[in-house]
Amino acid sequence: MGAVSDDRRPILGGPSRGLTLLEVVFAVVLVLLAAVFVMTLMAEGGRPLVKAQMTTTASMLAQSKMDVLMGTPFDSLVAESGKFPAPNDRYKFEVSLSALDSTVKRVRLTVVTPQGARLEMTALRAPPTEDVGQKKFQEYGCQACHAISKYTWATGTEGPNLDRMAEIAGTRVPGMSAETYLRESVRDPAAYVVDGYGPNMGGYPLTMMPEDDLDAVVTFMMTLK
Ligand code: HEC
């Protein structure tokens with residue numbers, strides 16, 4: 001009887017009993033599995049989170065860079081590349097331009113995150129209408145007869161000086177707005193002949209000057225104050 005009771009082993013182990021090799025290995029495997037599980041969680045939850053943050057930063061940077069580009073004077077827009085934002089300069093950007101037609105530029109901005117993700121943004125940039133108008137004014141050769149002091153290219157003397165034309169236009173014909181007067185002056189100058197001048201301006205009917213061009217020229221003249 002005594003021999004049988006000596007052979008019994010405690011099921012849960014006792015103070016005198018150490019861990020068997022198998023139990024140690026099992027515990028180590030468990031710890032490793034837990035570590036792998038945590039790392040997997042971080043890989044799936046953590047990294048995309050960082051990635052998303054980078055993309056958010058990239059789109060914010062792209063938006064503010066695009067705002068700057070849209071505010072840049074039309075003729076100063078140039079293709080460029082560089083790194084930003086200061087002080088770390090971790091993001092890259094590239095600006096390329098292509099002409100849509102003679103007046104509109106397509107601006108393409110690419111922002112590259114430190115991880116190499118690319119974010120593209122495009123916008124169309126048209127010159128302000130008054131710039132187009134100035135160009136049109138020149139194309140039609142109005143400066144051959146009209147002077148505008150602030151523009152060295154406009155020195156004609158056969159017609160009135162247009163320095164303060166935007167202000168004067170509204171006072172020429174009672175009840176006629178400045179714009180209406182300017183439109184009439186271009187389409188049909190003889191309708192109102194400025195004192196001291198002969199009806200020497202030919203006038204630009206629709207067949208010579210499309211409505212869009214007239215709009216632009218008038219917009220330009222409305223800046224002469
Ligand atoms: C051949 C010369 C000549 C050309 C070219 C010419 N003009 Fe004139 N323009 C005149 C003369 C002369 C007058 C004054 C007589 C009159 O009121 O019709 C005048 C008058 C005007 C007036 C009214 C000025 C005022 O003080 O009320 C405007 C505005 C004007 N021109 C705009 C233009 C524009 C815009 C162009 C080009 C699209 C142009 N002109 C081309 C000779 C010219």
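The values are calculated or read from the model by the stated rules, or taken from the named source; none is laboratory data. Given the structure is predicted, the values throughout are model-derived calculations rather than measurements. Note that we place each Cβ from the backbone using ideal geometry, even for glycine, and neighbour counts take in every protein chain shown.
Number of residues in segment 172-220 that are exposed (fewer than 14 other Cβ atoms within 10 Å of the Cβ) and either within 35 Å of the chain's Cα centre (by Cα) or under 22 Å from residue 150 (Cα atoms) (or both): the value is 3. The selection criterion, being aromatic (Phe, Trp, Tyr), without any contact (Cβ under 8 Å) to a residue 60 or more places away in the chain, farther than 19 Å from residue 134 by Cα and touching a Gly at 6+ places or on another chain (Cβ under 7 Å), holds for residue 197.
A quick yes/no check of all residues on (1) modelled with pLDDT of 95 or more; (2) within 9 Å of the ligand (Cβ to nearest atom); (3) more than 12 Å from residue 136 (Cβ to Cβ); (4) out of contact with any Cys (no Cβ under 9 Å at 6 or more places or on another chain):
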site: 182; (1), (2), (3), (4): yes, yes, yes, yes
site: 186; (1), (2), (3), (4): yes, yes, no, no
site: 189; (1), (2), (3), (4): yes, yes, yes, yes
site: 192; (1), (2), (3), (4): yes, yes, yes, yes
site: 200; (1), (2), (3), (4): no, yes, yes, no
site: 213; (1), (2), (3), (4): no, yes, no, yes
site: 216; (1), (2), (3), (4): no, no, no, yes
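Just to be sure, is residue 203 on the phi > 0 side of the Ramachandran plot and in the same structural domain as residue 159 (by TED's automatic domain parsing)? Can you show your working first?
Working: on the phi > 0 side of the Ramachandran plot: yes; in the same structural domain as residue 159 (by TED's automatic domain parsing): yes.
Criteria met by residue 203.
Here is a yes/no grid of residues against (1) modelled with pLDDT under 95; (2) surrounded by fewer than 17 Cβ atoms within 10 Å (Cβ to Cβ):
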| position | (1), (2) |
| --- | --- |
| 93 | no, no |
| 97 | yes, yes |
| 104 | yes, yes |
| 109 | no, no |
| 113 | yes, no |
| 117 | yes, yes |
| 122 | yes, yes |
| 127 | yes, no |
| 131 | yes, no |
